[in-house]
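*Asks:* Sending over a structure as structure tokens; questions will come in a sec.
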Amino acid sequence: MQSRNLLANLWRVAEATQGRLPAILPALPHDQAIGAPEELLITNGAYIHALAEHVRRHRTPHQFLYEHLNGVRLCADALILLRAERPSLLEQYLNATLENTAADSDAAMGNTASTTSSLRYEVLNFAVPGYNTVMQAATLRSLASRFDPDAILIGFNTNDLILPHFVHRRPSLWTLHRSYLWDWLRGRKLNGIAGRIFASHLDVNGGRVQTEFDPDPASVEPEFRRFVGFANYERALAVFAQWRRHHCRPVIHLAFREFPFETVPWHEPDMPRKENDRLRRAQDAARQKGLAIVDSRDEQIGFLGRHPGVSNRCFWTGVTDTHPSRLGHIMLFKAVYRDLVENRRLPDADTRARRLKDDLRQWDAMADAILLKNSGKPAP
């Protein structure tokens, strides 16, 4: 199942069937062979798990993951719709497998409900890589609200005021901004000055890179303007605020701190300060709408304080890729869990509060284990 060729065939079938993988694969990916609802829980899950296992075991280029992005999204969307349309089918499947997976899930996710509370929580993930806040609000209205959630967690990044990378801008025949020669050259992984020029001047869709935090909506095509800019971000926050007031349930605005310290060395010396100023502005707007504000800064600083000499880059995916690494995600999870318990946002928060220190130590142990695996040195 971990063959790269077979995985490639699966994502092609996923695209051809709109994420409804059949139990028996067709001879050709585009042959009509749509999976029955009863099959999706196994087939879609098998594809996603096999892809994750392949990535875990092998060094895979970014292009490999990009190829599978649409297939994974379609399969996940199909499962979400199945959950909405056939909840009894999903419940039967979960009941049949829950006993075998509960112990592993508790250990991996820090869920101590089995020892501290009789309540268990179902987490529904509607995230799509690249979605900005306006798209998240649309997802709440069109899909997530159907499930009557007890709380909503929205992720925020300072690039959430621009168009996501997968929105293709229309090429113009009368502009020099689009050049297939530039596209080809940038695909050759150019280094040095030339590579920086191409990377900074043109984006992957052939349009100008939007580098401003609050871009002018008029800079994009009319059909995309409602997704861009700070004013539209605030309108999206109003959608979440309205849901919070109507349901009297929390909405948490979560952000990963790429630069918990503004003195982190960077090729643009003022970038850490700019990023944090942008984040504070976005958080202030969310706070004014009544959203709860959570970010990973305190957890990151606490971790670095326990591990002198460890660089802030341990929270990043790469040396210059500031997306959160596994360790960065642990900081996010820990910050969310602490907020949910300390601010009594969970029905069983009082029970969990009595075990909070022990639970947080479990998160610390997971983070220390990741650091040890990455560095090969024992934690101090």
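*Asks:* Quick one: grab the alpha carbon gyration tensor of segment 228-330, order the square roots of its eigenvalues as a ≥ b ≥ c, and give me rounded if a/c is under 1.5, else prolate or oblate depending on whether a/b is larger than b/c.
*Replies:* Since a/c reaches 1.5 and a/b is larger than b/c, the shape of segment 228-330 is classed as prolate.
*Asks:* Then there's this: For segment 124-166, what is Rg from Cα atoms divided by 2.2 N^0.38 Å, rounded to two decimals?
*Replies:* Computed over Cα atoms of segment 124-166, the ratio equals 1.17.
*Asks:* Quick one, can you get me the convex hull of the C-alpha atoms of segment 305-356 expressed as volume per residue in Å³?
*Replies:* Cα convex hull per residue, to the nearest whole number: 92 Å³.
*Asks:* Now for a separate question. How high is the relative contact order of segment 296-369, in percent, with contacts defined as C-alpha pairs under 8 Å that are six or more residues apart?
*Replies:* Over segment 296-369, the number comes to 23 percent.
*Asks:* Extension gain residue 138-residue 67, at 0.36 nm per residue separation less the Cα-Cα distance, in nm?
*Replies:* Full extension from residue 138 to residue 67 adds 23.0 nm.
*Asks:* Something else now. Just to verify a number: FRET efficiency for residue 36 and residue 355, C-beta to C-beta distance, R0 = 56 Å, to 0.05?
*Replies:* FRET efficiency, residue 36 to residue 355: 0.80.
Taken together, the values in this text are just the output of simple stated rules run on the coordinates, not laboratory data. Only a predicted model underlies this, so the values are computations on that prediction, with no experimental measurement involved. So basically every Cβ, Gly included, is an ideal-geometry build from the backbone, and we count neighbours across all protein chains shown.
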